[in-house]
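**Q** Before I ask anything, let me first share the structure, which is written out below as structure tokens.
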Amino acid sequence: SSSCGGDGGGGGDGVCSPAVGLWGVDTAKRAVKAAAKRQPSARFAVASPHALPFSDGCFDLVLSAFAPAPWDEMCRVLRPGGAVVVARGGPRHLRELRALAGAPVYSEPKQVSAGQGEKYTRLELQRRYRGDALE
């Protein structure tokens, strides 16, 4: 499998590099520095998830955990046949921490949108990459 590296320009300025197996991206420079210390074999970039600094179609897997997940951009850097995984907090996510901090604790989760994910279906992604339908 190949991964991508970029020059930080965003929007597809990057170059694929099979030598790097894992990339991490965050908008916070401190988070990127901390992650790089914990995972020295990976590469990291300070970048927006809305303008990833990678070439089109170079990741086997794109993961967004508790962060914005712009579907069009994630699909842009995903190779045909790859997978997108988005992790979102449930109704009780961080409930205890919010209570300790004196922040409002909701009994029902806030309604959030996964960006433009609603306009994509499994069949549309299949057609985009292979031109046929899933069975």
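The values are calculated or read from the model by the stated rules, or taken from the named source; none is laboratory data. Note that the coordinates shown come from a computational prediction; the quantities given were computed from them, not determined experimentally. To get the accessible areas, we keep the full protein, side chains included, count just its heavy atoms, and leave off ligands, DNA and RNA. Shrake-Rupley method; radii C 1.70, N 1.55, O 1.52, S 1.80 Å.
**Q** Inside the stretch 74-93, can you point out the residues that are open to solvent by 20 Å² or more (accessible area, probe 1.4 Å) and not in a strand (DSSP E or B)?
**A** Result: Arg76, Arg88, Gly89, Gly90, Pro91, Arg92, His93.
**Q** State all residues of the stretch 42-66 that are in a loop (DSSP other than H, G, I, E, B), open to solvent by less than 40 Å² (accessible area, probe 1.4 Å) and of a type outside the set (S, T, N, Q); if no residue qualifies, say none.
**A** Ala42, Ala47, Pro49, Leu52, Pro53, Phe54, Gly57, Cys58
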